[in-house]
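The values are calculated or read from the model by the stated rules, or taken from the named source; none is laboratory data. Just so it is clear, the structure is predicted and the values come from calculations on it, not from any experiment. Here Cβ is always computed from backbone atoms with ideal geometry, including for glycine, and neighbour counts include all displayed protein chains.
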Amino acid sequence: GESVGLHLPTLSVQEGDNSIINCAYSNSASDYFIWYKQESGKGPQFIIDIRSNMDKRQGQRVTVLLNKTVKHLSLQIAATQPGDSAVYFCAESRNTGNQFYFGTGTSLTVIP
Amino acid sequence: KAGVTQTPRYLIKTRGQQVTLSCSPISGHRSVSWYQQTPGQGLQFLFEYFSETQRNKGNFPGRFSGRQFSNSRSEMNVSTLELGDSALYLCASSSDSTNTEAFFGQGTRLTVV
């Protein structure tokens, strides 16, 4: 959804476990979604994307699931590693160019 | 392929001054978008330029402006700086299409004192 909020949701997982990060969006016109990873002091890094005509897309150790009925997006990270510790954002676009609306982000901490 | 390059990385300005930030997109990309990132508001869209024309604009005051050159490089300008303009300014580069991957630069950290 559009970015509002002062508090960052947090998620802590043990190294080797799977992580699931969730995102809700509000606009039914949203038809393209991207997950980004942002490490401290760096810009957001593209992880994986999905279009609204798909329900699932897989990458290397990552899977994105899209449920358009409830306007929900999730990112699954398999075998989470310490290097996965970062803030993760979902972003949505509405076929109006490359204007993206970002979620508030989730801070993932991987415990060795 | 070189990524998105933003300069400078850090800036300190005084209230009332103006500032210009620069972004060089990925080679071949013609769309450049700008975002402001703050702890309180998160990532907010400022504007997008495509082929030297502003294609989309966010909800920011007119003090925030931008432009794009024929080589796709873009600049954004903030005039009459306020303390609340302190933020990380991020530039994203996309190819010709709409709704396509956007790749970010490292950002420019602006501090207004």
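Summary of computed values
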quantity: Positions within the stretch B:48-69 being farther than 21 Å from residue B:13 by Cβ, of a type in the set (Ser, Thr, Tyr) and touching a Ser or Thr at 6+ places or on another chain (Cβ under 9 Å), in sequence order; calculated: B:49, B:51
quantity: Filter result for residue B:65 (within 13 Å of chain A (Cβ to nearest Cβ), in a strand (DSSP E or B) and of a type in the set (S, T, N, Q)); calculated: no
quantity: Output for the stretch B:96-113, where each listed residue is polar (S, T, N, Q) and either within 13 Å of the chain's Cα centre (by Cα) or facing chain A (nearest Cβ under 9 Å) (or both); calculated: B:97, B:98, B:99, B:100, B:106, B:108
quantity: The one condition in (1) more than 21 Å from residue A:89 (Cβ to Cβ); (2) touching a Phe, Trp or Tyr at 6+ places or on another chain (Cβ under 9 Å); (3) surrounded by fewer than 21 Cβ atoms within 10 Å (Cβ to Cβ) that residue B:68 fails to fulfil; calculated: (3)
quantity: All positions within the stretch A:53-112 that are under 29 Å from residue B:48 (Cβ atoms), surrounded by fewer than 15 Cβ atoms within 10 Å (Cβ to Cβ) and among the small types (Gly, Ala, Ser); calculated: A:59
quantity: Within the stretch A:45-102, strands (runs of 3 or more DSSP E) holding 1 or more residues that are away from chain B (no Cβ under 11 Å); calculated: A:45-51, A:56-58, A:62-67, A:72-77, A:86-93
quantity: Condition broken by residue A:32, with the remaining ones in (1) crowded, with 19+ Cβ neighbours inside 10 Å; (2) modelled with pLDDT of 95 or more satisfied; calculated: (2)
quantity: From the options B:59, B:99, B:71, B:77, residue that is more than 30 Å from residue A:33 (Cβ to Cβ) and not in a strand (DSSP E or B); calculated: B:71
quantity: Among residues of the stretch B:9-51, those that are part of a loop (DSSP other than H, G, I, E, B), touching a Leu at 6+ places or on another chain (Cβ under 8 Å) and on the phi < 0 side of the Ramachandran plot, counted; calculated: 6
quantity: Every pair of residues 6+ apart whose Cβ atoms lie under 7 Å, when the first sits in the stretch B:88-102 and is at positive phi while the second is surrounded by fewer than 19 Cβ atoms within 10 Å (Cβ to Cβ); calculated: B:99/A:31; B:99/A:95
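For (1) more than 27 Å from residue A:104 (Cβ to Cβ); (2) within 11 Å of another protein chain (Cβ to nearest Cβ); (3) out of contact with any Lys or Arg (no Cβ under 6 Å at 6 or more places or on another chain), each residue gets a yes or a no:
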| position | (1), (2), (3) |
| --- | --- |
| B:36 | no, yes, yes |
| B:40 | no, yes, yes |
| B:49 | no, yes, yes |
| B:56 | no, yes, yes |
| B:69 | yes, no, yes |
| B:82 | no, no, yes |
| B:86 | no, no, yes |
